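Note sheet for the following structure.
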Amino acid sequence: MGATTVNGGDSESTSLLTPSNPKIPKDSFHIAYIIYFTLGAGYLLPWNAFITAVDYFSYLYPDVMVDRIFAIVYMIVGLIGLLLIVAFSNKTSAFVRINVGMFLFVVALVTVPLMDVFYVDGRVGVYAGFGVTVGLVGTCGIADALVQGGVVGAAGELPERYMQATFAGTAASGVLVSLLRILTKAVYPQDANGLRKSANLYFIFSIAVMILCIVFYNIAHRLPIIKYYNDLKTQAVNEEKEDKGDLTPDLWRSTLDIFGTVKWYGFGIVSLYVVTLSIFPGYITEDVHSQLLTDWYPILLITGYNVFDLVGKSLTPVLFFDNAKVAIGACFARLLFLPLFYVCLHGPDFFRTELPVTILTCLLGLTNGYLTSLLMILGPKTVQLQHTEIAGTLLVLFLVMGLAIGSIVSWFWII
């Protein structure tokens, strides 16, 4: 077990390429890959829109720590939603959950600019508007649980490249919003009106991408390669029923068995995201400063993180390290980022300068991206095909648990 390098071609195997079995349909023009990439970008765009528009929300509501409140509400609501999905996953189909979640995303994203136009109207201190905004963040947390849990679960039933596509898409959404942030900061004046136009643009862009996701998702199941793997799953489920009879009374036991199989992958993912969210974005946006780069500094740091997160999530098709123990150990080793970033706040003068903070931020993104993609690919493949959806959903539950804990830990930078 070790690092394996994957080179081009259209075949797809356990090393991230297309199955060599001639009966397996080809992903013509990589349409299924593009769809899963877009879905990954889509379900994270609403969160990125809220957190990137934090300058405008902080201007409107100066007495609250907007980004940290958004993070805690979004992650904790999403965590509760995923717990309910795992508990009642047999009651609804992933197809329904994903469509409902995307509808909720659209409703929340549309409401923000409409409320800004017809109610808040750029006025400072309308804290009823902040309450509604936090409620919309919570709505997006529920939607994220529905969509992310379903999409990752579905990707787990497919060859590994589609899981990689999904998580590369999540990173691409961060890069897209960061580039939009740079563009709007360069084009619009950094006064109240400019911040307002920028924020509304982020939400309008996210609405357009979410509508595209709805269209893509509802044609995906018609693609031959998706049909093929759906049929394989149906066949596996039917064979298990023939062997073991009615599985309904044992669903909880089955879920616990799957949990036991993937738990160490999950613990690695929790560690990964506790470290990441305890630092990003709160520490980056509020706790470090630069006289040279002024208010461009946090924007450039966030962009650097997102770009390197995308690089990391794009590396697995090229360098696939299939030693799970080493990968999980590397997740726990990332705890070293906490004292290193602490030194950048309270250490010698050199460590408080732009260069060390920028290098650490980029490394934080690179390791987050690569290890997330790697563990999310490896985890679901440790169970039988008919159980990969619930395995993928459980790993998303671990991921959101890490996000929620990390969001809470991020407050300790204030102390």
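FYI, it's all coordinate maths here, none of it is from the lab. It should be emphasised that the depicted structure is a prediction, and the values quoted were computed from it without experimental measurement. Glycine gets a Cβ as well: all are built from the backbone with ideal geometry, and neighbour counts include every protein chain shown.
Structure values in brief
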{"quantity": "Estimated dipole of the chain in Debye, rounded to 20 [Cβ of Lys and Arg +1, of Asp and Glu -1, Cα centre]", "calculated": "240 debye"}
{"quantity": "FRET efficiency for ILE34 and ILE211, using Cβ-Cβ distance with R0 set to 22 Å, rounded to 0.05", "calculated": "0.85"}
{"quantity": "Coordinate range along principal axes, alpha carbons of region 247-403, Å, largest first", "calculated": "63, 31, 24"}
{"quantity": "Region 82-175: equivalent-ellipsoid semi-axes (sqrt of 5 x gyration tensor eigenvalues, Cα, Å)", "calculated": "31, 16, 10"}
{"quantity": "Gyration tensor verdict on region 345-415 (Cα atoms; rounded if a/c is under 1.5, prolate if a/b is larger than b/c, oblate otherwise)", "calculated": "oblate"}
{"quantity": "Around GLN291: net Lys/Arg minus Asp/Glu count, Cβ-Cβ under 14 Å", "calculated": "-2"}
{"quantity": "Reachable lysines, given that their alpha-carbon falls under 26 Å from the alpha-carbon of LYS381 and they are not under 8 places away in the same chain", "calculated": "LYS23, LYS26, LYS91, LYS227, LYS233, LYS241, LYS244, LYS263, LYS313, LYS325"}
{"quantity": "Segments 24-35, 398-409 sorted - mean Cβ within 10 Å per residue, highest first", "calculated": "398-409, 24-35"}
{"quantity": "Axial C-alpha extent at least 20 Å, average Kyte-Doolittle at least -0.5 - helices from the chain (DSSP)", "calculated": "31-52, 66-87, 94-115, 127-156, 160-187, 192-220, 251-279, 296-315, 354-378, 388-409"}
{"quantity": "Residues PHE88 and ASP63, FRET efficiency given R0 of 41 Å [Cβ-Cβ distance, rounded to 0.05]", "calculated": "0.55"}
{"quantity": "Cα-projected label distance for GLU239 with VAL107, points at 7 Å along beta-carbon direction, nm", "calculated": "4.2 nm"}
{"quantity": "Pair ARG253, LEU232: separation of 7 Å Cα→Cβ label points (nm)", "calculated": "2.8 nm"}
{"quantity": "Highest-first arrangement of 313-323, 143-153, 333-343, where packing means the average Cβ count within 10 Å", "calculated": "143-153, 313-323, 333-343"}
{"quantity": "Prolate/oblate/rounded label for region 271-332 (Cα gyration tensor, a/c 1.5)", "calculated": "oblate"}
{"quantity": "Among 264-273, 92-101, the order from most to least packed when residues are scored by Cβ within 10 Å on average", "calculated": "264-273, 92-101"}
{"quantity": "Overall Cα dimensions of the chain - principal axes, largest extent first, Å", "calculated": "65, 49, 41"}
